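The values are calculated or read from the model by the stated rules, or taken from the named source; none is laboratory data. Fair warning: this is a prediction, and the values are worked out from it, not measured in the lab. Using ideal geometry, Cβ is built from the backbone for each residue, glycine included, and neighbour counts are taken over all protein chains shown. Accessible surface areas use protein heavy atoms only, side chains included; no ligands, DNA or RNA. Shrake-Rupley method; radii C 1.70, N 1.55, O 1.52, S 1.80 Å.
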Amino acid sequence: MGITRILIANRGEIALRIHRAAHEMGIETVAVHSTADADAMHVRLADHAVCIGPPSATDSYLNIANIISAAEISQADAIHPGYGFLSENAKFAEIVEAHDIKWIGPKPEHIRTMGDKVTAKKTAGDLGLPLVPGSPGAVESVEEAKRIAAEIGYPVLVKAASGGGGRGMKVVPEESQLESLMSQAKSEAKSAFGDDTVYLEKYLGNPRHIEFQVFGDGNGNAIHLGERDCSLQRRHQKVLEEAPSPVLTSAERDRMGKVCADAMAQMGYRGAGTIEFLWENGEFFFIEMNTRLQVEHPVTEAITGVDLVREQIRVAEGRPLSVAQDEIAFKGHAIECRINAEDPFTFAPSPGKVSYYHSAGGMHVRVDSGLYAGYSIPPYYDSMIAKLIVYGRTREGCIMRLKRALEEMVIEGPKTNIPLHQALLKEADILNGDYSIKWLEEWLAQRESES
Ligand code: MV4
């Protein structure tokens with residue numbers, strides 16, 4: 001029943017985040033790490049550590065046999081996958097459970113359903129979530145695609161069922177280009193995912209990306225914790241996220257949140273989930289569901305006071321959620337800046353030794369990071385090295401505090417994108433909350449053309 005030792009199948013700041021929640025619950029932790037991460041902060045802090053392979057993620061953080069062996073050797077009774085790596089691998093979740101180890105995540109069947117975008121969309125529609133107009137399922141032929149596109153109207157978007165991160169996506173402006181763009185999308189999908197299944201959607205020209213945090217206990221009870229606005233992205237990488245969204249009223253949040261929570265209750269969903277929508281002209285359109293904890297979860301924690309990792313561990317133990325919907329209130333505003341080791345304007349990765357580090361601090365400032373002076377950022381993984389999460393009673397107050405916190409933070413050695421965040425926080429559109437998913441790339445292109 002009760003978990004006593006969690007193996008953390010991840011690295012970096014999220015490994016530390018999980019370790020902290022576990023220790024606050026009196027639970028021991030096991031860090032698993034590649035040879036490149038032997039000196040990582042979460043490895044130092046964990047109660048036990050097991051090396052699971054060489055630097056390449058395929059051979060370490062994605063190596064199921066080595067991770068299961070590490071869990072058996074260290075007598076872990078649960079595995080938390082974090083985000084990325086094996087977190088949305090239904091097969092891994094099944095293997096974990098088959099070894100009598102608790103899986104701190106959604107039921108494998110739900111991971112699988114949502115992993116395929118066509119079945120995810122069908123399921124979401126059946127559960128009452130509003131969909132982007134498009135094909136009811138996979139599109140089997142060009143003729144079928146032409147018929148559906150004529151119904152919904154151009155431009156349309158061809159999407160890969162196994163896609164994600166925008167790969168295998170093609171905007172089709174008019175019928176004459178449908179055949180060739182559809183075959184391009186199919187061959188891209190085939191080589192990227194080994195699956196050339198595609199489906200069709202009405203192309204939304206200038207939407208925002210708004211996602212709802214949901215949580216289920218696996219027994220038909222589910223809540224929502226409001227939304228996050230993640231419209232500020234470059235090449236499908238989020239740069240800055242905020243909660244609440246600057247464009248939603250509390251009535252709209254309550255209404256859409258209830259639709260999401262009811263859907264999760266009907267499914268019997270367990271654990272943390274994120275339902276992603278495109279939002280345009282006041283309307284929501286479901287695009288995908290992520291069956292994991294997300295990088296940007298702390299902005300939700302900041303405005304609700306709910307520790308999401310603690311809740312994940314509780315429901316994995318078979319206990320109920322510690323909060324009911326009517327106990328959740330949304331208070332104030334939070335913004336997260338993803339701090340990456342990269343050139344702030346070319347985005348070239350900048351790994352290497354951190355010669356000096358001074359964190360930001362003070363009231364309502366949270367830094368989730370395993371960084372320390374003397375640490376060497378390895379070149380093998382994601383460039384995100386810290387998350388700066390700032391809370392304020394108002395959005396304006398939050399932004400003032402965020403600027404102050406960014407000024408305080410010092411990272412010497414590798415380049416970081418702190419100057420990018422500082423430049424963004426001088427832009428009227430950002431200060432006004434007036435930006436869509438296209439804003440950042442257009443702003444960067446504009447900046448480029450002016451220099
Ligand atoms: C769309 C869209 C416009 N219309 N679907 C990109 C990745 C995948 N998760 C869904 N994506 C999009 N789907 C329709 N019908 C535009 C995007 C999109 C996007 C979505 C969210 C955040 C950033 C984005 C950047 C480019 C395109």
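Taking (1) in contact with a Pro (Cβ under 7 Å, 6 or more places away or on another chain); (2) open to solvent by less than 30 Å² (accessible area, probe 1.4 Å) in turn, F330 satisfies each apart from (2).
For residues in the stretch 243-293 being among the polar types (S, T, N, Q) and free of Cβ contacts under 8 Å to residues at least 24 places away in the same chain, which is least open to solvent (accessible area, probe 1.4 Å)? Among those residues, the one meeting the criterion is T249.
Just one of (1) farther than 23 Å from F286 by Cβ; (2) surrounded by fewer than 22 Cβ atoms within 10 Å (Cβ to Cβ) fails for P133. It is (1). In the set (1) on the phi < 0 side of the Ramachandran plot; (2) of a type outside the set (A, V, I, L, M); (3) within 16 Å of the ligand (Cβ to nearest atom), G257 fails one condition alone, (3).
Residue count for the stretch 280-311 under the criterion of being polar (S, T, N, Q), assigned to a loop (DSSP other than H, G, I, E, B) and over 11 Å from the mean Cα position of the chain (by Cα): the result is 1. Scanning the stretch 14-39 for residues that are within 24 Å of the chain's Cα centre (by Cα) and either open to solvent by less than 10 Å² (accessible area, probe 1.4 Å) or farther than 16 Å from P379 by Cα (or both) yields a total of 17. Would you mind stating whether E188 is touching a Gly at 6+ places or on another chain (Cβ under 8 Å) and either more than 10 Å from the ligand (Cβ to nearest atom) or closer than 14 Å to S135 by Cα (or both)? Here the answer is yes, as E188 does meet what is asked.
Here's the yes/no breakdown for (1) touching a residue at least 12 places away in the same chain (Cβ under 8 Å); (2) polar (S, T, N, Q); (3) within 16 Å of the ligand (Cβ to nearest atom); (4) open to solvent by 70 Å² or more (accessible area, probe 1.4 Å):
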site	(1), (2), (3), (4)
V410	yes, no, no, no
G413	yes, no, no, no
Q422	yes, yes, no, no
Y435	yes, no, yes, no
L444	yes, no, yes, no
R447	yes, no, no, yes
E450	no, no, no, yes
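Of note, K146 does not satisfy the criterion of being within 13 Å of the ligand (Cβ to nearest atom) and among the charged types (D, E, K, R). Can you find a residue that is buried (at least 24 other Cβ atoms within 10 Å of the Cβ) and over 30 Å from M384 (Cα atoms) anywhere in the stretch 205-222? Yes, the conditions are met somewhere in the stretch 205-222.
Among the residues of the stretch 239-262, the one identified as among the polar types (S, T, N, Q) and assigned to a helix (DSSP H, G or I) is S250. Among the residues of the stretch 106-129, just one is outside any helix (DSSP H, G or I), open to solvent by 10 Å² or more (accessible area, probe 1.4 Å) and closer than 21 Å to D77 by Cβ, namely K107. Within the stretch 157-173, residues that are under 14 Å from R235 (Cα atoms) sit with their Cβ atoms under 6 Å from residues that are more than 11 Å from the ligand (Cβ to nearest atom) and of a type in the set (D, E), at 6+ positions apart or across chains, in these pairs: G168/E188. Among all residues of the stretch 84-97, there is at least one that is on the phi > 0 side of the Ramachandran plot, touching a Phe, Trp or Tyr at 6+ places or on another chain (Cβ under 8 Å) and in a loop (DSSP other than H, G, I, E, B). Checking the stated criteria, E201 turns out not to satisfy the condition of being under 20 Å from the mean Cα position of the chain (by Cα), in contact (Cβ under 8 Å) with a residue 60 or more places away in the chain and either near the ligand (Cβ under 10 Å from one of its atoms) or crowded, with 20+ Cβ neighbours inside 10 Å (or both). Before we move on, is K190 surrounded by fewer than 23 Cβ atoms within 10 Å (Cβ to Cβ) and within 23 Å of the chain's Cα centre (by Cα)? No; evaluated as a whole, the condition is false for this residue.
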